[in-house]
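Trainee: This is the structure I want to talk about, given as structure tokens.
The values are calculated or read from the model by the stated rules, or taken from the named source; none is laboratory data. The structure presented is a predicted model; accordingly, all values stated were derived computationally and were not measured. Virtual Cβ from ideal backbone geometry, glycine too; neighbours counted across all protein chains shown. Accessible surface areas use protein heavy atoms only, side chains included; no ligands, DNA or RNA. Shrake-Rupley method; radii C 1.70, N 1.55, O 1.52, S 1.80 Å.
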Amino acid sequence: MLIYILEFEGYYMEFEVILLPHNEIGYDDLNRYLEYYQMVSLNRATGTGKSFILAKFIFKNRKKRILYLSPSYVINDQILEDHMAELGIDKSLIPYLDFQIYRNLIKMDMEELAAKYDIIILDEYHRCGAKKWGIQVNKLLKIIKEKYPNTKVIGTTATEVRYLDNDKNMNYILFDGVEASRLSLVDAILMGILPAPVYVITPIYMLKDLKKIEERINKYTFYNNQKIKYDKLLSGAKEKIENVIGNYKTYEEYLDKENGKYIVFSQTISEIHSNRQFIEEILRGNITSYEVHSRKKRIVNKELLNKFRASKFGQHVLYCVNILNEGLHVKGVNAIFMMRRTKSPIIYLQQLGRLLSYSARDKIVYVFDTVDNIKNHPVIYNIYEELISRAKELIKTDPDNKERYELILNNLKIVDLGNDARSVLDELKKITGKKELIEDRLDIAVSVLEGKCEGNPVE
């Protein structure tokens, strides 16, 4: 996968950039479509290597003026410093490549931008559906269509549908549905390009749910005997849930106690501390921790990410908020901890993608879903249902690869550590909603007036 450019008596000899077979197919598809279309999309599952396709394309078109747009500097740095280096590309040989992030478009002149470049790449183009910079991107593409027919626009993403934004399909909005290449997450796993993760649901999220229930009880109960009743139920549920969470032995079969590399997705910066307490209880050893988030300078985050990437021996944990939700890939990650609750399939799949990579295709990797994200949107669960269903079917129809499909089914198991505790929580939720608590309070008030019980208020 290396390039050598050798000089001999004033002549340069270039050896080809060779991608992995599935990416060579994507690269060829991209070039073929660009012969007929001005604007095309490349929709391939995160972790399959679409950035390498872009890197090769940029290198092969290095004499042209290219603008690379993405949501973050982290993504831009990665393709320039990591992916190109891995392919053996010397970035100094690409003199006309510029980088920019989407939010900076708000202050830029789209007429000037359209006139300046021969090729524009929209990485993670689903983000172009955002209101502020989405207007600018649409304006840019409109100008290019009307005035610059020879300018090419390429969009790449793993998740073109904005499910929580009225299911907007950005491929149709930006590229009129022109799709040069597609490789879905399900197909990538079935083809052996990506590993099938073991999925472990842990009940940590239930403690937050209990906190909300407790707040409702305190707010809507008036009588002492009413509050005592609900506090007793709350205490019983909390004990059961904490027993499950506190049984750290249940995690031992999934974690390497000697060497492990883990990514933790936190909801907020302030929650990193409590997340660290939990992770450190599980690992129980010498741990090197890294935190990357928006309160740190870009250069500091970059240094920390590089240290985490370079780590090989011992326990290494990277805590992040938003920064690693998309685009960035780190080799050798053993597990991710989803500690950010989201109903967005895009965020979910992007976080999952930080674990899945071609280099890990023969390894067993783990997802620890501590917030029950897998059940927060039907699209998420449908992926696992489709994967299991198709693997079972392929065992019969593709016997030559039967062993691979059986391994996928064996790995792709959903282990629900909080199943018993969940039933207790669900029952408690049914009787402690705002409506139920107020109705119960009114019933007690009637009984008090009828002299059937005492009406001592909560102190």
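Trainee: For region 403-459, name all the residues that are closer than 26 Å to GLU215 by Cβ, touching a strand residue (DSSP E or B) at 6+ places or on another chain (Cβ under 9 Å) and part of a loop (DSSP other than H, G, I, E, B).
Mentor: Selection gives LEU417, GLY418, CYS453, GLU454, GLY455, ASN456, VAL458.
Trainee: Considering each residue of region 26-50, count those that are assigned to a loop (DSSP other than H, G, I, E, B), under 24 Å from ILE144 (Cα atoms) and in contact with a strand residue (DSSP E or B) (Cβ under 9 Å, 6 or more places away or on another chain), and give that number. I'd like the intermediate steps shown before the answer.
Mentor: Step one: filter region 26-50 for residues assigned to a loop (DSSP other than H, G, I, E, B), giving 35-38, 45-49.
Narrowing the set further to residues that are under 24 Å from ILE144 (Cα atoms) leaves 35-38.
Those left that are additionally in contact with a strand residue (DSSP E or B) (Cβ under 9 Å, 6 or more places away or on another chain): 37-38.
Going through region 26-50 one residue at a time, the tally reaches 2.
Trainee: Here is a follow-up. Take the residues of region 95-132 that are out of contact with any helix residue (DSSP H, G or I) (no Cβ under 7 Å at 6 or more places or on another chain) and assigned to a strand (DSSP E or B): which is surrounded by the most Cβ atoms within 10 Å (Cβ to Cβ)?
Mentor: Ranking the qualifying residues of region 95-132, first place goes to ILE120.
Trainee: Next question, about the same structure. Can you name the residue in region 51-92 that is modelled with pLDDT under 90 and either of a type in the set (Lys, Arg) or not in a helix (DSSP H, G or I) (or both) and, of all such residues, is most open to solvent (accessible area, probe 1.4 Å)?
Mentor: LYS91
Trainee: I would also like to ask the following. Could you pull out the residue among LEU141, LEU174, LEU164 that is among the hydrophobic types (A, V, I, L, M, F, W, C), in contact (Cβ under 8 Å) with a residue 40 or more places away in the chain, farther than 30 Å from LEU442 by Cβ and assigned to a loop (DSSP other than H, G, I, E, B)? Steps first, answer last, please.
Mentor: On the way: LEU141 fails: assigned to a loop (DSSP other than H, G, I, E, B); LEU174 fails: assigned to a loop (DSSP other than H, G, I, E, B).
None of the other options fit; the residue is LEU164.
Trainee: Return the only residue of ILE323, ILE336 being among the β-branched types (Val, Ile, Thr), in contact with a His (Cβ under 8 Å, 6 or more places away or on another chain) and either in a loop (DSSP other than H, G, I, E, B) or modelled with pLDDT of 90 or more (or both). So that I can check it myself, show each step before the final result.
Mentor: Numbers: ILE336 fails: in contact with a His (Cβ under 8 Å, 6 or more places away or on another chain).
Exactly one residue qualifies, and that residue is ILE323.
Trainee: Let me ask another. Would you mind finding the one in ALA158, ALA130 that is within 29 Å of the chain's Cα centre (by Cα), closer than 24 Å to LEU194 by Cα and hydrophobic (A, V, I, L, M, F, W, C)?
Mentor: Numbers: ALA130 fails: closer than 24 Å to LEU194 by Cα.
So the residue among ALA158, ALA130 that is within 29 Å of the chain's Cα centre (by Cα), closer than 24 Å to LEU194 by Cα and hydrophobic (A, V, I, L, M, F, W, C) is ALA158.
Trainee: Mind listing whichever residues of region 432-447 are in contact (Cβ under 8 Å) with a residue 40 or more places away in the chain, closer than 14 Å to ASN218 by Cα and surrounded by 12 or more Cβ atoms within 10 Å (Cβ to Cβ)?
Mentor: THR432, GLY433, LEU437, ILE438, ASP440, ARG441 - these are the residues of region 432-447 that are in contact (Cβ under 8 Å) with a residue 40 or more places away in the chain, closer than 14 Å to ASN218 by Cα and surrounded by 12 or more Cβ atoms within 10 Å (Cβ to Cβ).
Trainee: Please go through region 361-379 and give me each residue that is part of a helix (DSSP H, G or I) and either over 15 Å from the mean Cα position of the chain (by Cα) or farther than 24 Å from ALA421 by Cα (or both), ordered by number. Break it down into steps so the answer makes sense when it comes.
Mentor: Applying the first criterion (part of a helix (DSSP H, G or I)) to region 361-379 yields 373-375, 378-379.
Answer for region 361-379, where residues must be part of a helix (DSSP H, G or I) and either over 15 Å from the mean Cα position of the chain (by Cα) or farther than 24 Å from ALA421 by Cα (or both): LYS375, PRO378, VAL379.
Trainee: Shifting gears a bit: Look through ASP231, ASP187, ASP176 and report the one residue that is acidic (Asp, Glu) and closer than 23 Å to PRO345 by Cβ.
Mentor: Working: ASP231 fails: closer than 23 Å to PRO345 by Cβ; ASP176 fails: closer than 23 Å to PRO345 by Cβ.
Only one candidate passes the filter, namely ASP187.
Trainee: Can you find a residue that is open to solvent by 30 Å² or more (accessible area, probe 1.4 Å) and not in a helix (DSSP H, G or I) anywhere in region 344-360?
Mentor: Looking for residues that are open to solvent by 30 Å² or more (accessible area, probe 1.4 Å) and not in a helix (DSSP H, G or I), one finds none in region 344-360, hence no.
Trainee: Right, another one. Which condition number does ILE135 fail, the rest of (1) among the hydrophobic types (A, V, I, L, M, F, W, C); (2) in a helix (DSSP H, G or I); (3) buried (at least 19 other Cβ atoms within 10 Å of the Cβ) being met?
Mentor: Checking ILE135 against (1) among the hydrophobic types (A, V, I, L, M, F, W, C); (2) in a helix (DSSP H, G or I); (3) buried (at least 19 other Cβ atoms within 10 Å of the Cβ), the one that fails is (3).
Trainee: Quick check on this structure: which one of ASN401, ASN382 is closer than 30 Å to PRO195 by Cβ and within 27 Å of the chain's Cα centre (by Cα)? Please lay out each step first, then the result.
Mentor: Numbers: ASN401 fails: within 27 Å of the chain's Cα centre (by Cα).
Of ASN401, ASN382, the one residue that is closer than 30 Å to PRO195 by Cβ and within 27 Å of the chain's Cα centre (by Cα) is ASN382.
Trainee: Give region 183-209 a look and list any residue that's open to solvent by 20 Å² or more (accessible area, probe 1.4 Å) and either over 21 Å from PHE265 (Cβ atoms) or assigned to a loop (DSSP other than H, G, I, E, B) (or both), or say none.
Mentor: Of everything in region 183-209, those that are open to solvent by 20 Å² or more (accessible area, probe 1.4 Å) and either over 21 Å from PHE265 (Cβ atoms) or assigned to a loop (DSSP other than H, G, I, E, B) (or both) turn out to be SER184, ASP187, MET191, GLY192, ILE204.
Trainee: Considering only region 381-390, I want to know if a residue exists there that is free of Cβ contacts under 8 Å to residues at least 40 places away in the same chain, more than 30 Å from ILE346 (Cα to Cα) and of a type in the set (Val, Ile, Thr).
Mentor: There is no residue in region 381-390 that is free of Cβ contacts under 8 Å to residues at least 40 places away in the same chain, more than 30 Å from ILE346 (Cα to Cα) and of a type in the set (Val, Ile, Thr).
Trainee: Another question, then. What single numbered condition from (1) more than 25 Å from the chain's Cα centre (by Cα); (2) within 30 Å of ILE144 (Cα to Cα) fails to hold for LYS212?
Mentor: Every condition holds for LYS212 apart from (2).
Trainee: Could I ask something else about it? Do you know which residues across region 138-175 are surrounded by fewer than 17 Cβ atoms within 10 Å (Cβ to Cβ), modelled with pLDDT under 95 and touching a helix residue (DSSP H, G or I) at 6+ places or on another chain (Cβ under 7 Å)?
Mentor: ASP165, LYS168
Trainee: Separate question: Pull up region 381-427, narrow it to residues that are open to solvent by less than 50 Å² (accessible area, probe 1.4 Å) and of a type in the set (Asp, Glu), then point me to the one that is farthest from THR202 (Cα to Cα).
Mentor: ASP398
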